[in-house]
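K.L.:
Structure in structure tokens, see below.
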Amino acid sequence: MKKIIALIAVSVLPFVPIFGLEKYSLALFFGYMSLLLIWWQIVLGNRFITKYVSVDLVGINKIHKFMGIYGFFLLVTHYILVLAVHGITLITDRSFSGFSLGVKYGAIAFYLTFGLWLTSAIFRKKFSWDWWKRLHFIAYPIFLLAILHSNIIGTSHQIYESVTYMRSLMIFTFLSIVIMRIARWAGLLKHSHKVVDIKSISNDVKLVTLQPNGKNITPNNGQFAYLQAKRFGQAHPFTVSHVNKQTKQLSFSIKASGDWTRQLHSELAVGDKVFIDGPYGVFTTEIANTRRPVVVVAGGIGITPFLRWAKQGKIDYLFYGNRTLNDIAFKDVLEKNIANLTHVLSDEESTNYEQGYIKTELIKKQTGKTFKKAQYFICGPPVMMNTVENGLRQAGIPDSRIHSERFSL
Ligand SMILES: Cc1cc2nc3c(=O)[nH]c(=O)nc-3n(C[C@H](O)[C@H](O)[C@H](O)COP(=O)(O)OP(=O)(O)OC[C@H]3O[C@@H](n4cnc5c(N)ncnc54)[C@H](O)[C@@H]3O)c2cc1C
């Protein structure tokens, strides 16, 4: 993450010559900062670029979100300063030529950004994931409008070489991103695979095994990849739950949790061609590095990041929550490889199974002296994750030893 933050900081440098303390210079500076911000938001939203710096998509997403929420105020400041310099006639002017047209491009970009900010920062929960994602594409016309606006109004890119170069770089990368996005949507520049097996492994979960048609990906334990089932279709992230080093086959355990996954369950067939993009993620990296006991708390399909670690005997304790016995995925693999395994069922009573939800008291009781020393890895439904994270913190486990991954980006 530090690398991304450093790159963002460096990208501000070409604009430093514009900076001044009088209103006009400040207005210009904030205008260019807003342009830079929109460009960064587009760059950070494209994993095929950011992967060259970091595969930590969750971390990158946090930066993207932070910049989206607070960066908007750069644009508001630009707007206020411009009004302070030029007066209200800037808005009321009805002509569509030269300078006025440039102002109009800027105004449209401003209102669209405001709309984007409202839908992402304020009313995010009112939209489904798909709609929220679609609305995000408004950033692309916003960038074009901002470039047109600065072309007509801004003069700094003609005066300062550093601004000229940075602006050209931004336009070039923007156009490249648009072309690459369309190509990737068509399934190009991704790893083509063939479906070789589909198995039901529990209620709602299917294990889908893929054979690469050409180059394979080499995910580390716990990493995920994007699966696109057809050309010009959506790509969704899934943890790679199994990798066969000899055959290069890989498997995803996919739960039917919404429209797309349900359709995949009913339509995907052996022999189909799919497209894979990855690997991404750093969630369980610490399991490889730590000398401390590893305690995993998983709920439902949240078990997938730990399956490959379990097979390597790296998990000391597992607390696995499910609704019923039939919901438990990979029961045999887990029972064979993890000595201290506690199943917790919320909707069914059964001998040898804990009943209810996973709580800190249960973890404390089962882990004994290990409790204070362990590294904790948590993945599952949001309510379970929040309860366990808070419980561990309250019990004195430092944040540096609580690692979690939410199945939404
Ligand atoms: C890092 C990571 C690893 C995951 N691993 C697994 C796994 O091993 N097995 C499994 O069954 N599920 C996994 N998921 C969850 C899986 O991606 C979603 O369940 C699936 O995308 C839901 O799509 P849907 O349209 O069927 O459901 P919806 O009801 O439309 O979506 C449910 C939620 O899934 C998330 N989501 C939907 N589409 C996307 C997308 N394109 N990109 C990112 N998030 C999206 C959103 O938070 C959304 O609210 C993982 C998610 C992430 C982020």
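The values are calculated or read from the model by the stated rules, or taken from the named source; none is laboratory data. Quantities reported herein were computed from a predicted structural model and do not represent experimental measurements. Note that we place each Cβ from the backbone using ideal geometry, even for glycine, and neighbour counts take in every protein chain shown. In case anyone asks, the SASA skips ligands and DNA or RNA and just uses the protein heavy atoms, side chains included. Shrake-Rupley method; radii C 1.70, N 1.55, O 1.52, S 1.80 Å.
K.L.:
For Leu74, Leu207, Leu175, write out the residues from largest to smallest accessible area, computed with a 1.4 angstrom probe and no ligands counted.
P.N.:
Result, largest first: Leu175, Leu74, Leu207.
K.L.:
Taking the Cα centre of the chain as origin, work out the dipole magnitude from +1 charges on Lys and Arg Cβ and -1 charges on Asp and Glu Cβ, in debye rounded to 20.
P.N.:
Charge dipole of the chain: 640 debye, to the nearest 20.
K.L.:
Using a 1.4 angstrom probe on the protein heavy atoms only, could you order Phe72, Phe137 from most to least accessible area?
P.N.:
Ranked from most to least accessible, the order is Phe137, Phe72.
K.L.:
Output the antiparallel fraction of DSSP beta bridges having both residues in the chain, as a percent to the nearest 5.
P.N.:
Values: 30 of 52 bridges.
If we restrict to bridges inside the chain, about 60 percent are antiparallel.
K.L.:
Hey, got the Cα dimensions of the chain along the principal axes, in Å, largest first?
P.N.:
On the principal axes, the chain reaches 78, 51, 36 Å in Cα extent.
K.L.:
Right, next: Karplus couplings for region 36-49 from phi (6.51 cos²θ - 1.76 cosθ + 1.60, θ = phi - 60°), rounded to Hz, Gly and Pro as x?
P.N.:
Along region 36-49, the couplings run 4, 4, 4, 4, 5, 4, 5, 4, 5, x, 10, 5, 5, 9 Hz.
K.L.:
Next up: Using alpha carbons only, how many degrees (0 to 90, rounded to 10) separate the axis of helix 98-117 from the longest principal axis of the chain?
P.N.:
Rounded to the nearest ten degrees, it is 20.
K.L.:
Moving on. Quick one: compute the contact order of the chain, relative version, from alpha carbon pairs under 8 angstrom and 6+ residues apart, as a percent.
P.N.:
11
K.L.:
Here is a follow-up. From the Cα gyration tensor of region 191-280, with a ≥ b ≥ c the square roots of its eigenvalues, which class applies: rounded if a/c is under 1.5, or else prolate if a/b is larger than b/c, or else oblate?
P.N.:
Rounded, because the longest to shortest axis ratio a/c is under 1.5.
K.L.:
Taking a ≥ b ≥ c as the square roots of the eigenvalues of the Cα gyration tensor of region 144-184, is the shape rounded (a/c under 1.5), prolate (a/b larger than b/c) or oblate?
P.N.:
Oblate, because a/c is 1.5 or more while a/b does not exceed b/c.
K.L.:
Give Lys336/Lys365; Lys125/Lys273; Lys3/Lys364; Lys2/Lys248 a once-over and call out the pairs whose C-alpha atoms are over 27 Å from each other.
P.N.:
Those over the limit are Lys125/Lys273; Lys3/Lys364; Lys2/Lys248.
K.L.:
Another question, then. Counting only the heavy atoms of the protein chains, how much of Val196 is accessible to a 1.4 Å probe, in Å² to the nearest 10?
P.N.:
For Val196, solvent-accessible area is about 50 Å².
K.L.:
Further, regarding this structure: How big is the accessible area of Thr173 in square angstrom, nearest 10, if you roll a 1.4 angstrom probe over the protein chains?
P.N.:
30
K.L.:
Can you give me the solvent accessible area of Trp129 with a 1.4 Å probe, rounded to the nearest 10 Å²?
P.N.:
Here the residue's solvent-accessible area equals roughly 100 Å².
K.L.:
Relative to the longest principal axis of the C-alpha atoms of the chain, give the angle of the C-alpha long axis of helix 57-86, reported between 0 and 90° and rounded to the nearest 10°.
P.N.:
The helix 57-86 is inclined about 20 degrees to the chain.
K.L.:
Pairs Lys311/Lys369; Lys314/Lys373; Lys199/Lys255; Lys62/Lys194: which are spaced more than 23 Å apart, C-alpha to C-alpha?
P.N.:
From Lys311/Lys369; Lys314/Lys373; Lys199/Lys255; Lys62/Lys194, over 23 Å: Lys311/Lys369; Lys62/Lys194.
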